[in-house]
Amino acid sequence: MFTIHDFLKKKKDRKKITMLTAYDYPFARIVDEAGVDAILVGDSLGMVVQGLENTLPVTMDEMIYHTKMVTRAVKSAMVIGDMPFMSYQASVEDAVRNAGRFLKEAGAAAVKMEGGSEIAEHIRAMTRSEIPVMAHIGLTPQSIHRMGGYKVQGKTEEAAKKLIKEAHVVEDAGAFSLLLEAIPQDLAKKITKELAIPTIGIGAGPYCDGQVLVLHDVIGLFERFVPKFVKKYANLKDDALKAVKAYKQEVEKGKFPSQEQSFK
Ligand code: KIV
């Protein structure tokens with residue numbers, strides 16, 4: 001099993017950490033079998049699985065439901081549960097209790113949480129409770145209303161300085177790694193160089209210690225909104241559509257089932 005110690009070791013050995021999201025058994029099997037180091041059960045499932053406009057309505061119970069399917073499928077990848085909106089913002093106690101559910105009920109090995117200095121106290125309390133935390137700064141989708149949309153962060157000198165400071169704060173609070181979303185590559189490079197913990201980038205350029213993407217973007221299953229930082233490695237939507245159309249046609253023409261699929 002890949003652990004938080006392997007995260008740190010890979011950074012020390014200058015080896016890239018690989019991470020993808022997954023939300024259910026069949027896809028988690030594929031990601032695990034491919035040898036990806038870590039699986040994030042992201043609250044992005046609200047958009048790519050549930051068809052919601054954004055991630056805000058996703059609940060703790062839904063996250064636990066999906067994380068259970070993923071941990072059941074996995075043999076070696078480390079599973080990280082994503083803390084959904086309002087599972088930790090109201091209090092440190094909420095954070096510890098809800099994060100604990102990911103480990104206790106769903107079998108995850110760590111959690112991810114959006115935020116910087118405002119969650120430092122939460123990270124300290126969770127780490128004290130033996131819950132490893134990955135922090136997430138830059139574009140934080142749960143802040144969509146404050147940010148005014150999904151926009152690249154840290155573009156001005158002042159904003160960049162603030163993000164560097166936040167990165168140090170979450171490291172000092174005990175985070176085992178830091179996810180950097182949608183920030184300029186040179187800023188991600190600086191943060192990666194300054195921190196002892198590994199950085200995982202999404203839309204943060206090539207200099208991070210590792211990379212993560214949303215699986216449904218990578219395999220071409222989500223088309224509503226494709227950010228610039230996504231690379232599509234397959235087109236499963238087209239393949240699935242072709243298969244379903246062929247099935248429909250064969251049933252209508254009496255070609256399926258044939259004798260091969262029938263019993264004597
Ligand atoms: O919810 C999610 O999938 C994320 C991304 C950064 C991968 O947080």
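What size of dipole, in debye to the nearest 20, comes out for the range 4-233 about its Cα centre when the only charges are +1 on Lys and Arg C-beta atoms and -1 on Asp and Glu C-beta atoms?
700 debye
Each label point is 7 Å from the Cα along the Cα-to-Cβ direction; what then is the distance between the points at A159 and D13, in nm?
Modelled inter-label distance: 3.7 nm.
Output the pairs from K16/K68; K75/K242; K15/K155; K112/K162 with a Cα-Cα distance over 23 Å in this structure; if there are none, say none.
K16/K68; K75/K242; K15/K155
Any idea which of L8, H136, G116 is furthest toward the positive side of the dipole for the chain, if Lys and Arg beta-carbons carry +1 and Asp and Glu beta-carbons -1?
L8
So how far, in whole Å, is the C-alpha centre of the range 9-36 from the one of the range 123-169?
23 Å
Would you kindly find the accessible area of D43, with a 1.4 Å probe and non-protein molecules such as ligands, DNA and RNA excluded, rounding to the nearest 10 Å²?
Number for this one is 10 Å².
Using Cα atoms only, what is the angle between the long axis of helix 236-252 and the major principal axis of the chain, expressed in degrees (0 to 90) to the nearest 10?
20 degrees
Enter the accessible area of E114 (Å², nearest 10), with the probe set to 1.4 Å and all protein chains included.
10 Å²
Can you put K264, K68 in order of accessible area, largest first, using a 1.4 Å probe?
So, going from the largest accessible area down, we get K264, K68.
At 20 °C and a viscosity of 1.002 mPa s, what translational diffusion coefficient does Stokes-Einstein give for the chain, taking Rh as the Kirkwood radius over Cα pairs? Give it in µm²/s as a whole number.
In µm²/s, the coefficient rounds to 111.
In nm, give the distance between the simple-model label positions of R146 and Y65, each being 7 Å from the Cα along the Cα-to-Cβ direction.
2.9 nm
Counting only chymotrypsin sites (Phe, Trp or Tyr not before Pro) that are in a DSSP loop and have at most 13 other C-beta atoms within 10 Å, tell me the longest site-free stretch of the chain.
1-224
Is the range 73-211 rounded, prolate or oblate when judged by the Cα gyration tensor, a ≥ b ≥ c being the square roots of its eigenvalues, rounded requiring a/c under 1.5 and prolate requiring a/b larger than b/c?
prolate
The values are calculated or read from the model by the stated rules, or taken from the named source; none is laboratory data. As the structure is a prediction and not an experimental result, all values here were calculated from the model. Neighbour counts run over all protein chains shown; Cβ positions are idealised from the backbone, glycine included. The area values use the complete protein model at the heavy-atom level, side chains included, leaving out ligands, DNA and RNA. Shrake-Rupley method; radii C 1.70, N 1.55, O 1.52, S 1.80 Å.
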